[in-house]
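I have placed the structure first, in the form of C-alpha coordinates, so that the comments after it can refer back to it.
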Amino acid sequence: MPARNALFIPGPTNIPEAIRRAMDVPQEDQRAPDFPKFTLGLFRDLKKVFKTTEGQVFLFPGSGTGGWEAALTNTLSPGDRVLAASFGQFSHLWIEMCRRLGLEVEAIEGEWGEGAPIESYAERLADDKDHRIKAVLVCHNETATGVTSDVAALRRALDAAGHPAMLYVDGVSSIASIDFRMDEWGVDLAVAGSQKGFMLPTGLAIVAVSRKALAAAAGAKSYRCYFDFADMARANKDGFFPYTPATTLLRGLRASLDMLQGEGLEQVFQRHHHLAEGVRRAVAAWGLKLCARHPRWHSDTVSAIVLPPGFDSNLLVRHAYERYNLSLGVGLAKVAGRVFRIGHLGMLDEIMLLGAIAGAEMALSDIGVPIELGSGVAAAQAHYALARPEARRAAAG
Ligand SMILES: Cc1ncc(COP(=O)(O)O)c(C=O)c1O
(Lines give C-alpha, C1' and ligand atoms only; values in the text may rest on other atoms or scores of the structure.)
Protein backbone atom coordinates (compact mmCIF):
# COMPACT_ATOMS: atom_id res chain seq x y z
CA MET A 1 0.00 0.00 0.00
CA PRO A 2 1.52 3.37 -1.00
CA ALA A 3 1.98 6.09 1.59
CA ARG A 4 -0.35 9.05 1.61
CA ASN A 5 -0.15 11.28 -1.47
CA ALA A 6 2.27 14.15 -0.87
CA LEU A 7 0.03 17.15 -1.46
CA PHE A 8 1.94 20.25 -2.58
CA ILE A 9 -0.61 22.02 -4.71
CA PRO A 10 -1.57 25.55 -3.65
CA GLY A 11 -4.85 24.39 -2.14
CA PRO A 12 -6.53 22.29 -1.04
CA THR A 13 -3.80 21.97 1.56
CA ASN A 14 -2.91 19.33 4.11
CA ILE A 15 -5.38 18.99 6.96
CA PRO A 16 -3.80 18.78 10.42
CA GLU A 17 -4.84 15.85 12.62
CA ALA A 18 -6.35 18.20 15.21
CA ILE A 19 -8.70 19.57 12.56
CA ARG A 20 -9.59 16.15 11.20
CA ARG A 21 -10.42 14.93 14.66
CA ALA A 22 -12.47 18.03 15.38
CA MET A 23 -14.59 17.22 12.33
CA ASP A 24 -15.09 13.58 13.30
CA VAL A 25 -18.26 14.35 15.22
CA PRO A 26 -21.92 13.40 14.94
CA GLN A 27 -24.24 15.77 13.11
CA GLU A 28 -25.68 18.36 15.42
CA ASP A 29 -28.73 20.53 15.93
CA GLN A 30 -28.10 23.87 14.27
CA ARG A 31 -31.03 25.40 16.16
CA ALA A 32 -29.95 24.17 19.60
CA PRO A 33 -30.03 26.87 22.28
CA ASP A 34 -26.29 26.51 22.92
CA PHE A 35 -25.30 26.59 19.21
CA PRO A 36 -24.72 30.40 19.26
CA LYS A 37 -22.20 30.04 22.05
CA PHE A 38 -20.11 28.10 19.56
CA THR A 39 -20.74 30.17 16.41
CA LEU A 40 -20.39 33.65 17.92
CA GLY A 41 -16.86 32.70 18.99
CA LEU A 42 -16.06 31.78 15.38
CA PHE A 43 -17.18 35.16 14.08
CA ARG A 44 -15.18 36.91 16.81
CA ASP A 45 -11.98 35.00 16.08
CA LEU A 46 -12.31 35.21 12.30
CA LYS A 47 -12.23 38.99 12.62
CA LYS A 48 -8.80 38.67 14.20
CA VAL A 49 -7.53 36.70 11.20
CA PHE A 50 -8.80 39.38 8.82
CA LYS A 51 -7.46 42.05 11.20
CA THR A 52 -10.72 43.88 11.40
CA THR A 53 -12.61 45.24 14.36
CA GLU A 54 -15.06 47.23 12.24
CA GLY A 55 -15.99 44.61 9.68
CA GLN A 56 -18.22 41.57 9.81
CA VAL A 57 -17.28 38.10 8.59
CA PHE A 58 -19.76 35.85 6.79
CA LEU A 59 -19.45 32.10 6.30
CA PHE A 60 -21.17 30.84 3.17
CA PRO A 61 -21.22 27.27 1.97
CA GLY A 62 -19.09 27.43 -1.18
CA SER A 63 -15.55 27.98 -2.32
CA GLY A 64 -13.55 31.11 -3.05
CA THR A 65 -15.45 31.61 -6.31
CA GLY A 66 -18.71 31.78 -4.34
CA GLY A 67 -17.06 34.38 -2.12
CA TRP A 68 -16.22 36.49 -5.20
CA GLU A 69 -19.84 36.32 -6.28
CA ALA A 70 -21.16 37.18 -2.81
CA ALA A 71 -18.89 40.23 -2.64
CA LEU A 72 -19.96 41.52 -6.06
CA THR A 73 -23.69 40.81 -6.05
CA ASN A 74 -24.30 42.17 -2.57
CA THR A 75 -22.66 45.51 -3.14
CA LEU A 76 -23.02 46.41 -6.84
CA SER A 77 -25.77 46.91 -9.41
CA PRO A 78 -25.72 45.83 -13.07
CA GLY A 79 -23.97 48.51 -15.11
CA ASP A 80 -21.78 49.66 -12.22
CA ARG A 81 -18.22 50.35 -13.24
CA VAL A 82 -15.46 48.22 -11.76
CA LEU A 83 -11.71 48.79 -12.08
CA ALA A 84 -9.63 45.60 -12.01
CA ALA A 85 -6.28 44.33 -13.23
CA SER A 86 -5.71 40.99 -14.90
CA PHE A 87 -2.23 39.60 -14.28
CA GLY A 88 -2.86 35.88 -13.83
CA GLN A 89 -5.61 33.31 -14.12
CA PHE A 90 -7.46 34.17 -10.91
CA SER A 91 -7.50 37.92 -11.39
CA HIS A 92 -8.66 37.16 -14.96
CA LEU A 93 -11.49 34.89 -13.78
CA TRP A 94 -12.80 37.43 -11.27
CA ILE A 95 -13.01 39.98 -14.09
CA GLU A 96 -14.87 37.46 -16.24
CA MET A 97 -17.34 36.96 -13.40
CA CYS A 98 -17.89 40.73 -13.20
CA ARG A 99 -18.75 40.77 -16.90
CA ARG A 100 -21.12 37.83 -16.58
CA LEU A 101 -22.89 39.63 -13.75
CA GLY A 102 -23.50 42.64 -15.99
CA LEU A 103 -20.92 44.95 -14.45
CA GLU A 104 -18.96 47.30 -16.68
CA VAL A 105 -15.30 46.40 -16.28
CA GLU A 106 -12.44 48.79 -16.85
CA ALA A 107 -9.74 46.14 -17.14
CA ILE A 108 -6.04 46.83 -16.87
CA GLU A 109 -3.96 44.23 -18.68
CA GLY A 110 -1.01 43.48 -16.43
CA GLU A 111 1.93 41.18 -17.06
CA TRP A 112 1.78 37.58 -15.83
CA GLY A 113 4.66 37.37 -13.37
CA GLU A 114 4.31 40.93 -12.16
CA GLY A 115 2.28 42.25 -9.25
CA ALA A 116 -0.90 44.30 -9.56
CA PRO A 117 0.06 47.41 -11.59
CA ILE A 118 -0.52 50.01 -8.89
CA GLU A 119 0.54 52.94 -11.10
CA SER A 120 -2.04 52.04 -13.73
CA TYR A 121 -4.72 51.81 -11.07
CA ALA A 122 -3.61 55.22 -9.74
CA GLU A 123 -3.82 56.80 -13.21
CA ARG A 124 -7.31 55.44 -13.89
CA LEU A 125 -8.52 56.57 -10.49
CA ALA A 126 -7.07 60.05 -10.95
CA ASP A 127 -8.74 60.28 -14.39
CA ASP A 128 -12.12 59.25 -12.99
CA LYS A 129 -13.06 62.74 -11.84
CA ASP A 130 -16.78 62.10 -11.63
CA HIS A 131 -16.27 58.91 -9.64
CA ARG A 132 -18.00 56.50 -11.98
CA ILE A 133 -15.82 53.65 -10.70
CA LYS A 134 -17.68 52.03 -7.83
CA ALA A 135 -15.35 49.16 -7.05
CA VAL A 136 -11.62 48.49 -7.30
CA LEU A 137 -10.70 44.81 -7.40
CA VAL A 138 -7.33 43.27 -6.75
CA CYS A 139 -5.98 39.77 -6.26
CA HIS A 140 -3.65 39.88 -3.25
CA ASN A 141 -1.87 36.63 -4.06
CA GLU A 142 -2.09 35.50 -7.68
CA THR A 143 -1.89 31.74 -7.26
CA ALA A 144 -1.27 31.11 -10.96
CA THR A 145 2.00 33.02 -11.04
CA GLY A 146 3.12 33.00 -7.40
CA VAL A 147 2.91 36.75 -7.09
CA THR A 148 1.88 38.80 -4.06
CA SER A 149 0.73 42.36 -4.59
CA ASP A 150 0.89 45.46 -2.45
CA VAL A 151 -2.69 46.06 -1.31
CA ALA A 152 -1.61 48.89 1.02
CA ALA A 153 -0.16 50.73 -1.99
CA LEU A 154 -3.47 50.38 -3.80
CA ARG A 155 -5.22 51.89 -0.78
CA ARG A 156 -2.74 54.79 -0.91
CA ALA A 157 -3.54 55.26 -4.61
CA LEU A 158 -7.26 55.46 -3.82
CA ASP A 159 -6.62 57.95 -1.03
CA ALA A 160 -4.23 60.05 -3.14
CA ALA A 161 -6.93 60.35 -5.82
CA GLY A 162 -9.53 61.15 -3.14
CA HIS A 163 -11.57 58.37 -4.72
CA PRO A 164 -14.53 56.90 -2.81
CA ALA A 165 -14.65 53.53 -4.63
CA MET A 166 -14.75 50.44 -2.44
CA LEU A 167 -11.72 48.14 -2.35
CA TYR A 168 -12.32 44.41 -3.00
CA VAL A 169 -9.52 41.96 -2.30
CA ASP A 170 -9.23 38.35 -3.36
CA GLY A 171 -7.36 36.88 -0.41
CA VAL A 172 -8.12 33.26 -1.21
CA SER A 173 -4.48 32.16 -1.22
CA SER A 174 -3.15 34.78 1.18
CA ILE A 175 -5.45 35.23 4.15
CA ALA A 176 -4.29 33.21 7.19
CA SER A 177 -0.90 32.60 5.49
CA ILE A 178 0.41 36.01 4.44
CA ASP A 179 -0.10 39.25 6.35
CA PHE A 180 -3.44 40.82 5.53
CA ARG A 181 -4.82 43.92 7.27
CA MET A 182 -8.42 44.66 6.46
CA ASP A 183 -8.94 47.77 8.58
CA GLU A 184 -5.49 49.26 8.16
CA TRP A 185 -5.63 48.90 4.37
CA GLY A 186 -9.20 50.12 4.17
CA VAL A 187 -10.42 46.94 2.50
CA ASP A 188 -14.19 46.82 2.04
CA LEU A 189 -14.60 43.22 0.88
CA ALA A 190 -12.10 40.45 1.49
CA VAL A 191 -12.62 36.93 0.18
CA ALA A 192 -11.03 33.75 1.51
CA GLY A 193 -11.72 30.03 1.15
CA SER A 194 -11.50 27.27 3.73
CA GLN A 195 -9.15 24.97 1.83
CA LYS A 196 -5.99 27.08 1.80
CA GLY A 197 -4.51 28.88 4.82
CA PHE A 198 -7.34 27.72 7.05
CA MET A 199 -6.23 24.10 6.45
CA LEU A 200 -9.81 22.84 6.12
CA PRO A 201 -11.58 20.87 3.44
CA THR A 202 -13.09 22.91 0.63
CA GLY A 203 -16.62 24.09 1.36
CA LEU A 204 -16.63 27.49 3.05
CA ALA A 205 -16.45 30.85 1.33
CA ILE A 206 -15.28 33.27 4.00
CA VAL A 207 -16.13 36.89 3.24
CA ALA A 208 -15.26 39.88 5.41
CA VAL A 209 -17.29 43.02 4.83
CA SER A 210 -16.64 46.59 5.99
CA ARG A 211 -19.37 48.82 7.37
CA LYS A 212 -19.23 50.89 4.21
CA ALA A 213 -19.82 47.77 2.10
CA LEU A 214 -22.69 46.67 4.33
CA ALA A 215 -24.26 50.08 3.82
CA ALA A 216 -23.76 49.78 0.05
CA ALA A 217 -25.50 46.40 0.14
CA ALA A 218 -28.74 48.08 1.13
CA GLY A 219 -28.92 49.83 -2.25
CA ALA A 220 -27.22 47.27 -4.52
CA LYS A 221 -29.55 45.86 -7.18
CA SER A 222 -27.72 42.76 -8.43
CA TYR A 223 -29.79 39.62 -8.02
CA ARG A 224 -28.79 37.51 -5.07
CA CYS A 225 -30.58 35.16 -2.76
CA TYR A 226 -28.51 32.34 -1.32
CA PHE A 227 -25.52 34.65 -0.81
CA ASP A 228 -27.49 37.58 0.59
CA PHE A 229 -25.57 39.49 3.27
CA ALA A 230 -28.74 40.86 4.88
CA ASP A 231 -30.27 37.40 5.41
CA MET A 232 -26.99 36.14 6.79
CA ALA A 233 -26.46 39.15 9.07
CA ARG A 234 -29.97 38.88 10.49
CA ALA A 235 -29.50 35.24 11.48
CA ASN A 236 -25.82 35.55 12.47
CA LYS A 237 -26.62 38.32 14.93
CA ASP A 238 -28.01 35.65 17.25
CA GLY A 239 -25.49 33.00 16.25
CA PHE A 240 -27.68 31.20 13.72
CA PHE A 241 -27.76 30.83 9.93
CA PRO A 242 -30.53 31.42 7.37
CA TYR A 243 -30.18 27.83 6.13
CA THR A 244 -28.50 24.63 7.34
CA PRO A 245 -24.86 25.48 8.01
CA ALA A 246 -22.04 23.02 7.30
CA THR A 247 -21.65 22.26 11.00
CA THR A 248 -18.85 19.74 10.52
CA LEU A 249 -16.78 22.35 8.70
CA LEU A 250 -17.59 24.86 11.42
CA ARG A 251 -16.22 22.41 14.02
CA GLY A 252 -13.09 22.14 11.90
CA LEU A 253 -12.93 25.91 11.64
CA ARG A 254 -12.92 26.15 15.44
CA ALA A 255 -9.88 23.88 15.53
CA SER A 256 -8.25 25.84 12.70
CA LEU A 257 -8.70 29.16 14.50
CA ASP A 258 -7.32 27.61 17.68
CA MET A 259 -4.26 26.41 15.79
CA LEU A 260 -3.70 29.77 14.10
CA GLN A 261 -4.08 31.61 17.39
CA GLY A 262 -2.00 29.07 19.27
CA GLU A 263 0.91 29.47 16.88
CA GLY A 264 0.26 33.21 16.61
CA LEU A 265 -0.66 34.85 13.31
CA GLU A 266 2.64 36.69 12.99
CA GLN A 267 4.51 33.43 13.57
CA VAL A 268 2.32 31.73 10.95
CA PHE A 269 3.32 34.41 8.42
CA GLN A 270 6.97 34.10 9.44
CA ARG A 271 6.84 30.30 9.03
CA HIS A 272 5.37 30.62 5.56
CA HIS A 273 8.10 33.08 4.61
CA HIS A 274 10.82 30.85 6.01
CA LEU A 275 9.50 27.75 4.21
CA ALA A 276 8.98 29.63 0.95
CA GLU A 277 12.51 30.97 1.07
CA GLY A 278 13.85 27.40 1.19
CA VAL A 279 11.88 26.58 -1.98
CA ARG A 280 13.22 29.70 -3.68
CA ARG A 281 16.79 28.70 -2.80
CA ALA A 282 16.14 25.26 -4.29
CA VAL A 283 14.80 26.79 -7.50
CA ALA A 284 17.89 28.98 -7.78
CA ALA A 285 20.14 25.97 -7.17
CA TRP A 286 18.41 24.11 -10.01
CA GLY A 287 19.25 27.06 -12.26
CA LEU A 288 15.55 27.67 -12.88
CA LYS A 289 13.55 30.87 -12.63
CA LEU A 290 10.39 31.79 -10.85
CA CYS A 291 7.49 33.18 -12.81
CA ALA A 292 7.48 36.13 -10.34
CA ARG A 293 9.82 38.61 -11.98
CA HIS A 294 11.02 40.48 -8.90
CA PRO A 295 11.66 39.47 -5.28
CA ARG A 296 9.19 42.09 -4.05
CA TRP A 297 6.42 40.00 -5.60
CA HIS A 298 7.61 36.60 -4.33
CA SER A 299 4.69 34.74 -2.86
CA ASP A 300 5.16 32.97 0.45
CA THR A 301 2.31 30.55 -0.31
CA VAL A 302 3.12 29.29 -3.80
CA SER A 303 6.11 29.24 -6.12
CA ALA A 304 5.47 29.07 -9.85
CA ILE A 305 8.60 27.74 -11.54
CA VAL A 306 9.38 28.16 -15.23
CA LEU A 307 10.82 25.21 -17.12
CA PRO A 308 13.52 25.76 -19.76
CA PRO A 309 12.26 25.89 -23.37
CA GLY A 310 11.50 22.47 -24.82
CA PHE A 311 10.23 20.92 -21.58
CA ASP A 312 6.59 20.29 -20.80
CA SER A 313 5.48 21.07 -17.25
CA ASN A 314 2.30 19.01 -17.67
CA LEU A 315 4.48 15.99 -18.29
CA LEU A 316 6.57 16.84 -15.23
CA VAL A 317 3.54 17.16 -12.94
CA ARG A 318 2.04 13.95 -14.27
CA HIS A 319 5.29 12.06 -13.86
CA ALA A 320 5.75 13.34 -10.28
CA TYR A 321 2.27 12.11 -9.46
CA GLU A 322 2.55 8.73 -11.12
CA ARG A 323 6.10 7.87 -10.15
CA TYR A 324 6.53 9.57 -6.77
CA ASN A 325 2.97 10.03 -5.48
CA LEU A 326 3.72 13.74 -5.31
CA SER A 327 1.10 16.31 -6.30
CA LEU A 328 2.52 19.52 -7.71
CA GLY A 329 0.48 22.31 -9.29
CA VAL A 330 0.19 22.54 -13.07
CA GLY A 331 0.64 25.76 -15.02
CA LEU A 332 -2.68 27.43 -15.77
CA ALA A 333 -4.00 29.07 -18.95
CA LYS A 334 -1.30 31.34 -20.46
CA VAL A 335 1.50 29.51 -18.66
CA ALA A 336 0.12 25.98 -19.13
CA GLY A 337 2.90 23.57 -20.07
CA ARG A 338 5.62 26.08 -19.19
CA VAL A 339 5.23 26.45 -15.43
CA PHE A 340 4.77 24.10 -12.51
CA ARG A 341 3.92 25.14 -8.99
CA ILE A 342 4.88 24.08 -5.51
CA GLY A 343 2.24 25.06 -2.99
CA HIS A 344 3.72 25.87 0.42
CA LEU A 345 0.85 26.98 2.55
CA GLY A 346 -1.14 25.66 5.43
CA MET A 347 0.11 22.90 7.68
CA LEU A 348 3.72 22.46 6.59
CA ASP A 349 7.15 22.22 8.08
CA GLU A 350 10.69 22.00 6.79
CA ILE A 351 10.87 18.21 6.59
CA MET A 352 7.66 17.99 4.59
CA LEU A 353 8.86 20.62 2.18
CA LEU A 354 12.25 18.96 1.77
CA GLY A 355 10.35 15.87 0.65
CA ALA A 356 8.50 17.88 -1.97
CA ILE A 357 11.70 19.53 -3.18
CA ALA A 358 13.41 16.13 -3.41
CA GLY A 359 10.47 14.71 -5.34
CA ALA A 360 10.29 17.66 -7.71
CA GLU A 361 14.02 17.36 -8.24
CA MET A 362 13.80 13.67 -9.15
CA ALA A 363 10.90 14.32 -11.50
CA LEU A 364 12.78 17.18 -13.17
CA SER A 365 15.81 15.00 -13.61
CA ASP A 366 13.72 12.08 -14.92
CA ILE A 367 12.20 14.14 -17.72
CA GLY A 368 15.64 15.39 -18.69
CA VAL A 369 15.79 18.90 -17.25
CA PRO A 370 19.53 19.44 -16.66
CA ILE A 371 19.68 19.81 -12.90
CA GLU A 372 21.97 18.19 -10.40
CA LEU A 373 20.24 15.72 -8.09
CA GLY A 374 20.43 16.94 -4.52
CA SER A 375 21.23 20.54 -5.42
CA GLY A 376 17.80 21.93 -4.52
CA VAL A 377 17.50 19.85 -1.38
CA ALA A 378 20.94 20.96 -0.24
CA ALA A 379 20.17 24.63 -0.86
CA ALA A 380 16.91 24.39 1.08
CA GLN A 381 18.60 22.43 3.87
CA ALA A 382 21.29 25.08 4.15
CA HIS A 383 18.58 27.68 4.58
CA TYR A 384 16.48 25.68 6.99
CA ALA A 385 19.37 24.40 9.07
CA LEU A 386 21.25 27.66 9.34
CA ALA A 387 18.40 30.09 9.32
CA ARG A 388 17.94 30.11 13.06
CA PRO A 389 21.21 30.55 14.97
CA GLU A 390 19.42 30.50 18.31
CA ALA A 391 17.93 27.12 17.45
CA ARG A 392 21.39 25.92 16.43
CA ARG A 393 22.84 27.01 19.74
CA ALA A 394 19.98 25.31 21.59
CA ALA A 395 20.48 22.13 19.57
CA ALA A 396 24.18 22.12 20.44
CA GLY A 397 23.24 22.30 24.13
C1 LIG B 1 -6.35 33.58 -5.72
C2 LIG B 1 -7.52 32.69 -5.94
N3 LIG B 1 -8.73 33.24 -6.10
C4 LIG B 1 -9.82 32.50 -6.29
C5 LIG B 1 -9.74 31.13 -6.36
C6 LIG B 1 -10.97 30.33 -6.59
O7 LIG B 1 -11.28 29.69 -5.43
P8 LIG B 1 -12.08 28.31 -5.40
O9 LIG B 1 -11.35 27.37 -6.28
O10 LIG B 1 -12.03 27.96 -3.94
O11 LIG B 1 -13.45 28.60 -5.88
C12 LIG B 1 -8.51 30.51 -6.20
C13 LIG B 1 -8.37 29.05 -6.26
O14 LIG B 1 -7.33 28.49 -6.27
C15 LIG B 1 -7.37 31.31 -5.98
O16 LIG B 1 -6.17 30.76 -5.83
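Here are a few things to note about the model shown:
- 3J(HN,Hα) along the stretch 151-156: 5, 4, 5, 5, 4, 4 Hz, from the Karplus curve 6.51 cos²θ - 1.76 cosθ + 1.60 with θ = phi - 60°, whole Hz, x for Gly and Pro.
- Cα long-axis angle, helix 375-386 against the chain (0 to 90 degrees, to the nearest 10): 70 degrees
- The stretch 1-115, relative contact order [Cα under 8 Å, separation at least 6], %: 16 percent
- Between Gln27 and His131, the distance separating the two model label sites (each 7 Å from Cα on the Cα→Cβ line) works out to 4.9 nm.
- Relative contact order of the chain, defined on C-alpha pairs under 8 angstrom at six or more residues apart (%): 22 percent
- Acute angle (nearest 10 degrees) that the helix 265-286 long axis makes with the longest principal axis of the chain, alpha-carbon atoms: 40 degrees
- Projecting label points 7 angstrom from Cα along Cα→Cβ for Ala395 and Glu266 puts them 2.5 nm apart.
- The calculated 222 nm mean residue ellipticity attributable to helices in the chain amounts to -13500 deg cm²/dmol, summing -39500 (n - 2.57) over DSSP H runs of n ≥ 4 and dividing by all residues.
- Accessible surface of Glu69 - all protein chains present, 1.4 Å probe, nearest 10 Å²: 70 Å²
- Take the Cβ atoms of Phe240 and Ala385, set R0 to 35 Å, and the FRET efficiency comes out at 0.10.
- Plainly put, the chain has a radius of gyration that is 0.98 times its Kirkwood radius, both from alpha-carbon atoms, as the Rg/Rh ratio.
- Shape call, the stretch 190-264: gyration tensor on alpha carbons, a/c limit 1.5: prolate
- With 0.36 nm allotted per residue and the present C-alpha distance subtracted, the Arg323-Ser375 stretch has 16.7 nm of extension available.
- Rounded to the nearest whole Hz, the Karplus-based 3J(HN,Hα) values (6.51 cos²θ - 1.76 cosθ + 1.60, θ = phi - 60°) of the stretch 63-79 follow the sequence 10, x, 4, x, x, 4, 5, 4, 4, 6, 6, 7, 10, 10, 10, x, x, with x at glycine and proline.
- The stretch 303-349: relative contact order in percent, alpha carbon pairs under 8 Å with at least 6 residues between: 45 percent
- Pairwise centroid distance, computed over Cα atoms, of the stretch 328-397 with the stretch 133-163, Å: 30 Å
- With all pairs of separate Cα atoms included, the stretch 292-362 yields a Kirkwood hydrodynamic radius of 12.7 Å.
- Cβ-defined net charge surrounding Ala165, 15 Å radius [Lys, Arg +1; Asp, Glu -1]: -1
- Cα gyration tensor shape of the stretch 140-278, rounded if a/c is under 1.5, else prolate or oblate by comparing a/b with b/c: oblate
- Taking θ as phi - 60° and the Karplus parameters 6.51, -1.76 and 1.60, the scalar couplings of the stretch 168-184 work out to 10, 10, 7, x, 4, 10, 10, 5, 6, 10, 10, 3, 9, 10, 4, 5, 4 Hz in sequence order, x denoting glycine and proline.
- Centre-to-centre, using Cα atoms only, the stretch 193-256 and the stretch 8-27 are separated by 20 Å.
- Prolate/oblate/rounded label for the stretch 257-329 (Cα gyration tensor, a/c 1.5): oblate
- Heavy atoms of Phe269: accessible area, 1.4 Å probe, square angstrom to 10: 20 Å²
- Cross-link partners of Lys212 among lysines (Cα-Cα below 27 Å; sequence separation of 8 or more within a chain): Lys47, Lys48, Lys51, Lys129, Lys134, Lys221, Lys237
- Taking all protein chains together and a 1.4 Å probe, the residues Met232, Met23 rank Met23, Met232 from largest to smallest accessible area.
- Rounded to 10°, Cα long-axis angle of helix 247-263 versus longest principal axis of the chain: 60 degrees
- Remark: spin-label model distance Glu119-Asp159 equals 2.2 nm, labels positioned 7 Å along the Cα→Cβ axis.
- All-pairs Cα distance distribution in the stretch 154-195, expressed in whole percent, bin size 5 Å: 6, 22, 30, 21, 12, 7, 2, 0
The values are calculated or read from the model by the stated rules, or taken from the named source; none is laboratory data. Keep in mind the model is a prediction, meaning the values are calculated, not measured. Heads up, the Cβs are rebuilt from the backbone with ideal geometry, glycines too, and the neighbour counts pull from every protein chain shown. With ligands, DNA and RNA removed, areas are computed over all heavy atoms of the protein, side chains included. Shrake-Rupley method; radii C 1.70, N 1.55, O 1.52, S 1.80 Å.
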